[in-house]
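The structure under discussion appears below in the form of structure tokens.
The values are calculated or read from the model by the stated rules, or taken from the named source; none is laboratory data. For clarity, every value in this text was computed on a predicted model and none was experimentally measured. Cβ coordinates were reconstructed from backbone atoms using ideal geometry, including for glycine residues, and neighbour counts include every protein chain displayed. For accessibility, only protein heavy atoms count, side chains too; no ligands or nucleic acids. Shrake-Rupley method; radii C 1.70, N 1.55, O 1.52, S 1.80 Å.
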Amino acid sequence: MTSITSVELNYLVFRYLQESGFTHSAFTLGYEAGINKCTIDGSLVPPGALITFVQKGLQYLEMEANLSNNDAEMDEDFSFLQPLDIITKDVNQLRQMVKEKRKNIQKDRIKDRDKDKDKEVEREHEGERGRIREKERTEKEKEREKEREKEREKEREKEREKAESNKEREKQPEELAYRDMVLDQVDKDVARHEENGTLAGPEPMDIATTSTFASHDACEIHSSEVTILEGHTSEVCACAWSPTGSLLASGSGDSTARIWTISDGLFKSGGKNSPLNVLVLKHVKGRTNEKSKDVTTLDWNGEGTLLATGSYDGQARIWTTTGDLRTTLSKHKGPIFSLKWNKKGDYLLTGSCDKTAIVWDVKAEEWKQQFEFHTGPTLDVDWRNNVSFATSSTDHMIYVCRIGETRPIKTFAGHQGEVNCVKWDPTGSLLASCSDDITAKIWCMKQDKYVHDLREHSKCII
């Protein structure tokens with residue numbers, strides 16, 4: 001009798017977790033079970049193999065319980081058993097259950113015919129009553145909506161008046177002092193910016209403490225002004241506009257990225273009947289596990305001439321605008337969740353589920369430095385300037401790193417959940433982060449503690 005080994009079972013469970021989107025669980029099982037060391041050829045294992053294996057076992061037990069020497073018993077559907085019954089009872093008990101259920105089905109069919117007649121009459125009456133209730137409900141809802149609109153208009157008017165009266169008082173002495181501190185830091189960093197290729201930068205951002213959305217009316221976009229880009233066969237995980245403006249890149253779970261040419265004429269004509277020029281960047285060739293090639297992240301370089309993509313197989317790829325694969329970068333041992341070009345375009349930064357971030361020398365087509373500071377998967381990365389950057393992780397930590405340094409130059413600790421995203425302001429003085437702990441925080445390189453703690457959200461911020 002053919003048997004299944006523990007190694008094969010572990011691999012099937014690992015594949016099931018991957019295909020179901022349980023990334024962290026799959027990574028933990030793969031690491032502890034040594035999946036990467038097993039000799040199983042993943043390309044030969046079809047998607048959904050574990051589910052198929054369990055279903056076939058249940059079907060075998062069910063058929064064994066139903067089959068007998070009398071073929072006449074097979075003229076009806078024999079799906080009388082539940083999976084729990086099949087697992088917990090022996091064949092003789094299952095056969096007795098099937099026999100009793102067949103008898104009950106015959107009785108139920110006679111009762112059902114009589115009930116169906118009564119239900120049909122009742123449905124007709126209920127349908128009429130439902131139409132009357134729906135009409136009354138619609139009328140009441142219209143009246144309530146009119147009242148709510150009046151209240152909203154009053155609130156908007158109050159907000160506009162309040163915004164005007166408080167416009168000058170919003171600049172508090174503490175905020176002005178903090179702004180002076182940031183500007184002083186920018187002046188001191190000018191020399192470093194020169195060697196990084198940026199002689200000057202924009203002014204630091206003001207951080208508003210009150211919402212301004214109440215002073216603006218909602219803008220509705222008509223469906224005729226919406227263009228739908230169709231072609232992907234699975235969920236779309238990422239998209240990015242090229243700096244040139246006419247190209248849009250998208251990455252999907254179908255193991256492809258696509259470059260769409262979006263012309264001005266597309267929007268002037270409504271986009272419904274205008275042909276789209278699209279390049280398909282395939283991340284898989286021949287028969288293999290397409291799930292491991294999901295395109296999870298992508299980014300254009302500053303000139304819009306190269307597109308970098310990161311995928312679930314742990315590889316970063318660089319493509320031209322004509323759809324040609326220029327470089328494949330391999331060193332990560334887990335899925336790539338984030339990647340970014342630096343402004344100069346000579347380095348590419350990637351963050352992976354293997355807990356590391358890697359800086360790649362694009363011209364040399366090789367890795368320059370690997371940063372192994374996090375204790376959990378690296379979820380996001382963002383350049384501060386051409387040689388330093390920030391990373392965030394499931395370990396709740398944020399590290400600011402610099403090429404050539406073996407330790408972080410700054411550590412930010414304060415989040416109580418996974419830190420999903422980090423983003424520098426244009427000056428590189430302030431860093432924003434968001435987390436599963438339902439907060440967004442703003443950090444300054446001169447302080448260890450966050451300078452702003454934003455707590456208006458009610459769910460995790462991704």
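Look at region 215-230: where a residue is modelled with pLDDT of 80 or more and a partner is in a helix (DSSP H, G or I) and open to solvent by less than 70 Å² (accessible area, probe 1.4 Å), sitting 6+ places away or on another chain with Cβ atoms under 9 Å, you get Thr227/Leu266.
Kindly check whether there is at least one residue in region 438-459 that is closer than 21 Å to Leu339 by Cα, open to solvent by 10 Å² or more (accessible area, probe 1.4 Å) and of a type in the set (Asp, Glu). No, region 438-459 contains no residue that is closer than 21 Å to Leu339 by Cα, open to solvent by 10 Å² or more (accessible area, probe 1.4 Å) and of a type in the set (Asp, Glu).
Residues checked against (1) modelled with pLDDT of 85 or more; (2) within 30 Å of Lys446 (Cα to Cα); (3) open to solvent by 100 Å² or more (accessible area, probe 1.4 Å); (4) among the hydrophobic types (A, V, I, L, M, F, W, C):
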| position | (1), (2), (3), (4) |
| --- | --- |
| Thr138 | yes, no, no, no |
| Lys146 | yes, no, yes, no |
| Lys158 | no, no, yes, no |
| Asn166 | no, no, no, no |
| Gln185 | no, yes, no, no |
| Asp189 | no, yes, no, no |
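For the criterion of being part of a loop (DSSP other than H, G, I, E, B), open to solvent by 90 Å² or more (accessible area, probe 1.4 Å), over 27 Å from Thr356 (Cβ atoms) and modelled with pLDDT under 75, Ser68 fails.
Taking (1) at pLDDT 95 or above; (2) outside any strand (DSSP E or B); (3) of a type in the set (Gly, Ala, Ser) in turn, Ser392 satisfies each apart from (2). In region 364-385, the residues that are at positive phi form no Cβ pair under 6 Å with any partner that is not in a strand (DSSP E or B) and not aromatic (Phe, Trp, Tyr), whether six or more places apart or across chains. Is region 313-331 home to any residue that is outside any strand (DSSP E or B), buried (at least 24 other Cβ atoms within 10 Å of the Cβ) and touching a helix residue (DSSP H, G or I) at 6+ places or on another chain (Cβ under 6 Å)? Within region 313-331 (the criterion being outside any strand (DSSP E or B), buried (at least 24 other Cβ atoms within 10 Å of the Cβ) and touching a helix residue (DSSP H, G or I) at 6+ places or on another chain (Cβ under 6 Å)), the answer is no, since none of the residues qualifies. If you check Lys282 against the conditions, is it at pLDDT 90 or above, surrounded by fewer than 20 Cβ atoms within 10 Å (Cβ to Cβ) and of a type in the set (D, E, K, R)? The answer is yes for Lys282. Does region 378-388 include one or more residues that are surrounded by fewer than 16 Cβ atoms within 10 Å (Cβ to Cβ), touching a Phe, Trp or Tyr at 6+ places or on another chain (Cβ under 8 Å) and of a type outside the set (S, T, N, Q)? No, every residue in region 378-388 fails to be surrounded by fewer than 16 Cβ atoms within 10 Å (Cβ to Cβ), touching a Phe, Trp or Tyr at 6+ places or on another chain (Cβ under 8 Å) and of a type outside the set (S, T, N, Q). Restricting the first member to region 312-327 and to residues that are at positive phi, and the second to residues that are of a type in the set (A, V, I, L, M), the beta-carbon pairs closer than 8 Å and six or more apart or on different chains are Gly314/Ile336; Gly323/Ile259; Gly323/Leu279; Gly323/Val280; Gly323/Leu281.
Taken over region 414-423, residues that are open to solvent by 20 Å² or more (accessible area, probe 1.4 Å) and part of a strand (DSSP E or B) amount to 3. Take the conditions (1) open to solvent by 30 Å² or more (accessible area, probe 1.4 Å); (2) under 30 Å from Val98 (Cα atoms); Ala49 misses just one of them, which is (1).
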